[in-house]
Amino acid sequence: MADHHAQTPVGAGLPMLPSLRWDEPPEGPVLVLLDQTRLPVEEAELVCTDVPALVAAIRTLAVRGAPLLGIAGAYGVALAAARGFDVEDAAEQLARARPTAVNLGYGVRRARDAHRAACARGSGPAVAAAAALDEARKLHAEDAEASTRMAGFGLALLDELLPGGGHRILTHCNTGALVSGGEGTAFAVALSAHRAGRLRRLWVDETRPLLQGARLTAYEAARNGMAYTLLTDNAAGSLLAAGEVDAVLIGADRIAADGSVANKVGSYPLAVLAKYHHVPFVVVAPTTTIDLATRDGASIEVEQRPGHEVTELMAPQVVVAGVEAGGGMPVAPLGTQAYNPAFDITPPELVTAIVTERGALSPVTGDGIAELTVRSRRGSD
Ligand SMILES: CSC[C@@H](O)[C@@H](O)C(=O)COP(=O)(O)O
């Protein structure tokens, strides 16, 4: 079950609210999400008391973005355990909620494995539930730490690639605090450039299907007092041609073993444009986004989203007889078929560098990815 709670006004300069938090009111533990479908108009909390509510929140993008999906998945397992639901079944439902971001399955597995291990040691349900929650909290904290480190490595890389300073960065989709335990991935790099006085402009793509750039990245940029301009996704080409972009920074939902990057649809055309205009194209993602089990870009499952998200304007997600339907303002003739993939795949040869919490890889090769991930698993620098 899910319920919407208090709303607060939105304004520039206000602190960011947590995108997700665990709470334990007298009625029982809950996972509280900042409902991203309502931003920036209102800051509404969505209180999830069970896994179906969280799965619905994930599918409708109330909670979204690769690292946060992993954290939410881990807390979802903890929620199931704490409320006495079948943890294995909950883990399966959560991991299946969206297919492309590898972090979701990763987070779910971590909490589920902690729960399993506690059960195998003979712990009772309360202790096993506490083990799952501890693991979710650990993942949350690790992601915050990774975010800080990526911001540092990313800014150092930008300074190296653009020695003139005064960075004008173009970004796609939303990759800030709203998708992370910390300040995000690509956005965190732009934010650290801003704090260092080296961000001249953040160009914010509007981003389909739910205007993640206009509604979410612009919201975060305003909150942080950054110099930003919103642009239609299709305007990026002429902006690059005019020499107004120094670097493109994006996040990732899954990075295959060969260095192919799945990210929000529109990332691949940006990479092609960046290559043509000799502008660095940098991917910022924690090592939890690297999936060595997926060989190449063609093996990544790309989520297909419902057509009404683009045939209607900001269609609220309504479930009619178990089927998601629209309810927004129509912008296409009734019955129009829409092609609405959530992601696309950028091949490694178009990527200048991948920045992780372990450092930057450049140029990207399959070997480099594997080596970085092995080092990361050993916990060494
Ligand atoms: C750190 S965020 C990287 C990606 O998850 C982000 O760019 C993105 O594509 C999110 O897609 P979304 O469909 O909004 O979940």
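Given an 8 Å cut-off on Cα distances and at least 6 residues of separation, report the relative contact order of the chain as a percent.
Result for the chain is 15 percent.
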Worksheet item: What does the convex hull of the Cα atoms of the chain come to per residue, in Å³, rounded to a whole number?
Response: 136
Worksheet entry | Cβ-defined net charge surrounding residue 266, 10 Å radius [Lys, Arg +1; Asp, Glu -1] | -2
Worksheet item: Quick one: net charge of residue 172's neighbours, Cβ under 9 Å, K/R +1, D/E -1?
Response: -1
Worksheet item: Of 294, 120, 161, which is farthest along the charge dipole of the chain in the positive direction, counting Lys and Arg as +1 and Asp and Glu as -1 at C-beta?
Response: 161
Practice prompt. Calculate the dipole size of the chain relative to its Cα centre from +1 charges on Lys and Arg beta carbons and -1 charges on Asp and Glu beta carbons; express the result in debye to the nearest 20.
Written response: 500
Item to complete: Take 48, 173, 119 and order them by how many other Cβ atoms sit within 10 Å, fewest up front.
Response: 119, 48, 173
Item to complete: Sort 215, 96 so the one with the fewest other Cβ atoms within 10 Å of its own Cβ comes first.
Response: 96, 215
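Given the DSSP H assignment, sum -39500 (n - 2.57) over each helix run of at least 4 residues in the chain and divide by its residue total; what's the result at 222 nm in deg cm²/dmol, nearest 500?
-11500 deg cm²/dmol
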Worksheet item: Classify segment 2-143: rounded, prolate or oblate, from the alpha-carbon gyration tensor (a ≥ b ≥ c, eigenvalue square roots; a/c under 1.5 rounded; otherwise prolate if a/b is larger than b/c)?
Response: prolate
Discussion item. What distance in nm lies between label points placed 7 Å from Cα along the C-beta direction at residue 295 and residue 275?
Written reply: 2.2
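Suppose we keep just the DSSP beta bridges with both residues in the chain; what percent of those would be antiparallel, to 5?
If we restrict to bridges inside the chain, about 60 percent are antiparallel.
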Practice prompt. Please arrange 85, 187 by counting, for each residue, the other beta carbons lying within 10 Å of its beta carbon, fewest first.
Written response: 85, 187
Worksheet item: For residue 86 and residue 160 in the same chain, what is the full-extension length gain: residue separation times 0.36 nm, less their Cα-Cα distance, in nm?
Response: 21.6 nm
Discussion item. Just to be sure I understand the model, the point goes 7 Å from the Cα along the line to the Cβ. What's the resulting residue 234 to residue 41 distance in nm?
Written reply: 2.5
Worksheet item: Can you give the extra length, in nm with one decimal, that the chain gains between residue 21 and residue 304 once fully stretched, where that is 0.36 nm per residue apart less the Cα-Cα distance?
Response: 99.0 nm
Worksheet, complete the sentence: Neighbours of residue 214 by Cβ distance under 9 Å: Lys/Arg at +1, Asp/Glu at -1, summed charge -1
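Read-outs: derived from the displayed coordinates by stated rules, not from any lab. From a predicted model like this one, the values you see are computed outputs, not experimental measurements. Ideal geometry is used to build each Cβ from the backbone, glycine not excepted, and the neighbour counts take in all protein chains shown.
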